[in-house]
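The values are calculated or read from the model by the stated rules, or taken from the named source; none is laboratory data. Everything quoted here is computed from the prediction, not taken from an experiment. Note: ideal-geometry Cβ built from the backbone for every residue, glycine included; neighbour counts use all protein chains shown.
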């Protein structure tokens, strides 16, 4: 659900089902254009590398026609499904998007599904309109004037992004998606937790525990601020997320929600020391979900610092 307050610049606010307020910066056309160019360059490089390998292999076997058929199939897959498959199985990113630090989400801040990812990329052919023709002699001297090089202007996409609130191209409109920016700010400090009950509970958590980046941000924000709240207030603030976590982790119903949030934080950021342990970033730009299965993203790529989040009604203010 999008917050009803008027938004400044390109920042929007989304409230997750866990009643956590997340802020996103919508990505504009320029950064998306660079990401697209990087993806095109990668596709061209991989295609020609495969062309050389396939050509040499099947040429040696003197069955070049099979090699041509394979490359036609590769070209078809690259043209229509490169972006969709990457975004579906790489958490809303292609290699170009990852380099530029942007990601595709739904308008409600949730991860996109495979259908949305593939459809928004198939509809890129509409965004590319209108086509244009350039004289080939501009690029290759002494080429006859009647030889023209076709191209796509992507003017339709630019107009659509200019006219929509979330910089959506035509492919984003029917799928309900948008592209947001990942803000990264390095901060190596961790909140010290030495409570015996927290450490004990952390040791009882599942060995394969993985959490989403949005939950990591929420935990960091809560653990940092809990020290200023009395026990009753801690119980109230932690109840919203803690109730869900108790069920998903199969813990006893009388498990303290406050201690559970601290235990997961301890287990993730302190006990399971990663090569470069990081704390989540203030600007939340990752999918707001709480997965505990193999879909959970790797926390080694999590940005740092404290998230802008609230913990339920009347939760002591929003950063």
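Structure summary
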| item | result |
| --- | --- |
| Selection status of residue 158, touching a residue at least 60 places away in the same chain (Cβ under 8 Å) and crowded, with 18+ Cβ neighbours inside 10 Å | no |
| Residue within the stretch 32-43 that is within 30 Å of residue 237 (Cα to Cα), at pLDDT 75 or above and surrounded by 15 or more Cβ atoms within 10 Å (Cβ to Cβ) present | no |
| Only listed residue being assigned to a helix (DSSP H, G or I), in contact with a helix residue (DSSP H, G or I) (Cβ under 6 Å, 6 or more places away or on another chain) and under 30 Å from residue 138 (Cα atoms), chosen from 202, 157 | 157 |
| Number of the condition not met by residue 99 [criteria: (1) without any contact (Cβ under 8 Å) to a residue 60 or more places away in the chain; (2) part of a helix (DSSP H, G or I)] | (1) |
| Boolean, residue 132 is exposed (fewer than 15 other Cβ atoms within 10 Å of the Cβ), assigned to a strand (DSSP E or B) and either touching a helix residue (DSSP H, G or I) at 6+ places or on another chain (Cβ under 8 Å) or assigned by TED's automatic domain parsing to the domain that holds residue 158 (or both) | yes |
| Qualifying residue in the stretch 137-148 (condition: modelled with pLDDT under 90, exposed (fewer than 12 other Cβ atoms within 10 Å of the Cβ) and touching a helix residue (DSSP H, G or I) at 6+ places or on another chain (Cβ under 6 Å)) | yes |
| Test: residue in the stretch 110-126 that is assigned by TED's automatic domain parsing to the domain that holds residue 166, in contact with a helix residue (DSSP H, G or I) (Cβ under 6 Å, 6 or more places away or on another chain), surrounded by 13 or more Cβ atoms within 10 Å (Cβ to Cβ) and in a loop (DSSP other than H, G, I, E, B) | no |
